[in-house]
Amino acid sequence: MSDNQDRADERQVRLQKVLADAGIGSRRHCEELIGEGRVTVDGRKVFRFGERVDPQTAVIHVDGRRVETRAEMRYYMINKPRGIVSTMSDERGRKSLADYVEVPERLFHVGRLDTDTEGLILLTNDGELAHRLTHPSFGVDKVYLAEIHGPIPRDLGRRLRKGVMLDDGFAKADKFRIFDQAGKRILVEITLHEGRKHIVRRLLKEVGHPVQQLARVEFGPIKLGQLKPGGMRALTVREVGELYKAVDL
């Protein structure tokens, strides 16, 4: 037996322990999930409690959602404040995401936001997930709240969904609705799956309503919620699983 095989065998752990360590529930609950046929390992449904797996390499799903079992992988969300560069460092010395990240792991951001835009950014060291979340072929939705000034025409949503021509090509919104209104101040919600630079601002400016303030509030299945500007938290096991599902992992 090779040294590599010996090391792989040493890493093998009972499946219910792996699930419990990943935060799925108590070992007893995880055993029930296995017994009910709700757990798959590498595409194979498992019913045996004594099944042993390598948490570093096994692809495990519970009820169709992938479970992250690799201890070194980290997943966070941060609410980027306005005026902050959405990178982990800045050669010009401006404040960046690194000023708000207080974890020892080396992380990279998933996508960017304009300096003047606040809101949800995902941080991870999972390169494959990050690649898929930002690749246009997976069509992951991003939802923004934009403040514009009214009045606005009744057909604004239709025009944005139909699309307009920008200087770098055709662009359109997937969804549009008025979120709130107070006098001439109108808050609109706009959903897109592409991530071209300044795309929301350019879209709204092209139809005659320049953005006054802008925030991203959703990235795929992840919602910003009540997280305050500058705040950061780890994603839950369920949220990570939902991200995997969104990009077919």
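Structural remarks
- Looking at the range 24-75, the trypsin sites (Lys or Arg not before Pro) that sit in a DSSP loop and have at most 10 other Cβ atoms within 10 Å of their own Cβ are Arg48.
- Ordering Asp167, Asp116 by the number of other Cβ atoms within 10 Å of each residue's own Cβ, fewest first, gives Asp167, Asp116.
- Antiparallel bridges, percent of DSSP beta bridges restricted to the chain (to nearest 5): 95 percent
- Residues considered: Glu189, Glu147, Glu206. Largest GNM mean-square fluctuation over the chain, using C-alpha springs under 10 Å, is found at Glu206.
- Shape class for the range 117-236, computed from the alpha carbon gyration tensor (a ≥ b ≥ c): oblate, with a/c not under 1.5 and a/b at or below b/c.
- Cα-centred dipole magnitude for the chain, charges only on beta-carbon of K, R (+1) and D, E (-1), debye, nearest 20: 1000 debye
- Taking Glu32, Glu68 and counting other C-beta atoms within 10 Å, the order from fewest to most: Glu32, Glu68
- Among Ser137, Ser96, sorting on how many other beta-carbon atoms sit within 10 Å of each Cβ, with the fewest leading, yields Ser137, Ser96.
- Amide H contacts of Tyr75: Leu235, each under 5 Å away and 5 or more positions distant or on a separate chain (H built 1.01 Å from N in the peptide plane; Pro and chain starts excluded).
- Most mobile of Val103, Val85, Val39 in a GNM of the chain (Cα contacts under 10 Å): Val103
- Measuring how big the chain is from its alpha-carbon positions, Rg and Dmax come out at 21.7, 75 Å.
- Distance between the range 6-65 and the range 136-159 - C-alpha centres, whole angstrom: 42 Å
- Spatially near lysine pairs across the chain, Cα under 12 Å, sequence gap of 8 or more or different chains: 6
- Sorted from greatest to least, the principal axis extents spanned by the alpha carbons of the range 3-67 come out as 36, 21, 19 Å.
- In the elastic network of the chain, a GNM with C-alpha springs shorter than 10 Å, the most mobile of Asp126, Asp155, Asp54 is Asp155.
- Shape of the range 90-165, Cα gyration tensor, a/c cut at 1.5: oblate
Rule-based calculations on the coordinates, nothing more; no lab input. A quick note: this is a predicted structure, and the numbers were derived from the prediction, not measured. Glycine gets a Cβ as well: all are built from the backbone with ideal geometry, and neighbour counts include every protein chain shown.
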